[in-house]
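Here's the structure, in structure tokens; my notes come after.
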Amino acid sequence: MTNILSDLRRLTEAVHAAGADIAPTYREYVQLAFAIATDCGEAGRSDFLMLCSLSAKYDVHAANKLFSNALKTNNNSVHIGTAFHLAELCNVRPRPAEKPRQDAPTGTLGTPGAPYPAASHTHAHGYYNKAEMPAEEFPEAPAASLPAEAADAGTANSGTACSGTTYPGTTYPEAADPEAADEETCRGSEPLTPLPCFDNRTLWPAPLNEITAHGTTRAQQDIMLLGAVTVLGASMNSHVRCAYGGKMISPSLQTFIVALPASGKGVLSLVRLLVEPIHDEIRLHTAEAMKQYRKEKGAYDSLGKERSQATPPALPPDRMFLISGNNTGTGILQNIMDSEGIGLICESEADTISTAIGSEHGHWSDTMRKAFDHDRLSYNRRTDREYREVKRSYLSVLLSGTPAQVKPLIPTAENGLFSRQLFYYMPAIHKWQNQFDRQDTDLETVFTGLGMQWREQLKRITAGGLFTLRLTPEQKELFNNLFANLFIRSHLANGSEMASSVARLAINICRIMQVVAMLRVLESDDIARSPHLTPDKDISGDNLKDGIITRWDMTILPADFNSVLELTESLYRHATHILSFLPGTEISRRSNADRDALLQSMEREFTRSAFLLQAEATGIKPGTASTWLKRLVKHGMIESVDGKGTYRKPLPNGM
């Protein structure tokens, strides 16, 4: 035991010196705990914690809990060589051991008490007998001694060490619901089943199709669509709206693109160029106002004794459209109020905002939450007794970042920011992308040109007045049926944890509809003659005769309505995947994008055996799939056709 602990200590020192996370996925995390617990017992706890502490999401409480469970189980299936093998996969080797003493304990390689052969790590396979086994041979721990996720670690994440981003020490709640006892939770930044992309055959109104055409992958096209809708909607702000939930909402979206490094999310920087001409024009006017102010201030200061009878010039507001995320709480409120409640935060690295929010003078995440609902924003300075407020806010946000940057900004699903975001997870790129296939096109010049065009289109919107999207009764029914089913489905998968996300996803879908409908209106040379507009019913007859119309009712084409509504499923699945990065709350079971996609992958009518086969192909255990199937029937998401294992999904409209 002494030699094993000495070997483990040398390994821990080498791993710390290299700064390597040798157990990046949940599978390796569990293997590491069992390996050290089996051969080192309680004496190995401190080394296990030190090895886990290199993870960005290390949680000492959760790590201690897992190690204690491993000590109780002690099934002798994994040994200390596993830890050395995991380190080798990250190119970490401990310093050579001193020559073993003659009285060193002897034993068969791979059994407790056998000294680790320091001369060569090629024998690590004798200890690491589980890593080479098929997944089904990974021994199961007693259900009472391990969380559901740990019990299923052999079949959950089969990623190689140092290749995933599910971190050691993350809290994985134990299953308390009897129905959830069979369930496992797959953890990893890359889902087993690819997350859905949007339909790239959709004919979006200009300029959306032109924008998305510059994406080289389906995922790039998707994030360019979401990014474009976010920035264009931000510039429409209060001029476009829709009645929803008893209040008027405008297209102020908060979008978060999550991707591993070098996944292609950098194309979002092009989307920002669509609104830079608007920002530049506002800044130009602000500079001119400031120049006039200085001139008037100079004249005022030169009055001498006569100043007492003159009114000093007022400092003009520091207006802008693009607001920096590297800001203080009061600073961002000042920027929003100077800009009449309107603005867009567009940051390519999410930690820019999370660092600002976490700073001593930050804490403006509440501003983002309030802005989502167009709430009043205000602040009060006691030093100079200054009180400022804006009655309605129209702040939009477009962020991109890595999975590790999600938690610092949104530490839990209960934070409030999680449910307000439109999430999209970009898959990793596994092959080289040709960077010379654009015919030497300068995309920055292309998007700057699109931005200049959009600035002129926006002037048409502001001159036209106020545009209110009105859905038809049939469209409202389709909308309500889809979200009613999704609400039930999310509750089955994640309890109440996704309820607010589904409710706010509905709001965001309405916001996207507003942008698409307004862009379709702009296809007409004369807005007033657009077939998608009718004067507001409260416009007086005299104004109608004189052509003075400042309020319009706007409709959305059935094809556009359906195209936007079809984004719901994909966006929901991406959000459930991002949820797996966050620590659990009081929820005893948590689904993920893989399991949630299972029902959607089935035909409208299917058999139980086909369902279980599809589950197995997705990496979900038959027992888990069986439990899920029972819940779906119980809550009316599917119905039994013959009572003999054939099921049918109801039609989307409930008929």
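We did not get these values from a lab; they are worked out from the coordinates using the rules stated. These numbers were taken from a predicted model, which means no experiment stands behind them. For neighbour counting, all protein chains shown are included, and Cβ atoms are generated from backbone atoms with ideal geometry for every residue, glycine included.
Peptide packing for 325-333, 270-278, 393-401 was compared via the average number of neighbouring C-beta atoms within 10 Å per residue; ordered from the highest value, the list is 393-401, 270-278, 325-333. When the trypsin sites (Lys or Arg not before Pro) in segment 457-541 are filtered for DSSP coil states and for at most 11 other beta-carbon atoms within 10 Å of their beta-carbon, the remaining sites are K537. The charge dipole of segment 591-648, taken about its Cα centre with unit charges on the Cβ of Lys, Arg, Asp and Glu (plus for the first two, minus for the last two), comes to roughly 220 debye.
Using 0.36 nm per residue and subtracting the Cα-Cα separation, the extra length available between M248 and L651 on full extension is 142.0 nm. In summary, the lysines within cross-link reach of K649, defined as a Cα separation below 16 angstrom excluding same-chain residues under 8 places away, comprise K630, K634. For segment 395-493, treating each Cα as an identical point scatterer without solvent, what Debye log10 I(q)/I(0) comes out at q = 0.19, 0.24 1/Å? Taken in order of the listed q values, log10 I(q)/I(0) reads -1.13, -1.22.
Remark: the K634-D442 segment gains 63.5 nm on full extension, using 0.36 nm per residue and subtracting the alpha carbon distance. Ranked for footprinting exposure by Cβ neighbours inside 10 Å, fewest first, H214, H532 give H214, H532.
Neighbour counts of other Cβ atoms within 10 Å put H239, H85, H577 in the fewest-to-most order H239, H85, H577. Ranking of C90, C40 by neighbouring Cβ atoms within 10 Å, starting from the fewest: C90, C40. Note on segment 229-370: with charges restricted to the Cβ of Lys and Arg (+1) and Asp and Glu (-1), its dipole about the Cα centre is near 320 debye. Placing a pseudo-label 7 Å from each Cα along the Cα-to-Cβ vector at N434 and N209 gives an inter-label distance of 2.5 nm.
Sequence gap at least 6, Cα distance under 8 Å: using those rules, report the relative contact order of segment 591-648 to the nearest whole percent. With pairs under 8 Å counted, the relative contact order is 36 percent. Taking the Cβ of E340 as the centre, find all other residues whose Cβ is under 13 Å away and add up their charges (Lys, Arg: +1; Asp, Glu: -1). Taking every Cβ under 13 Å from that of E340, the sum is +1.
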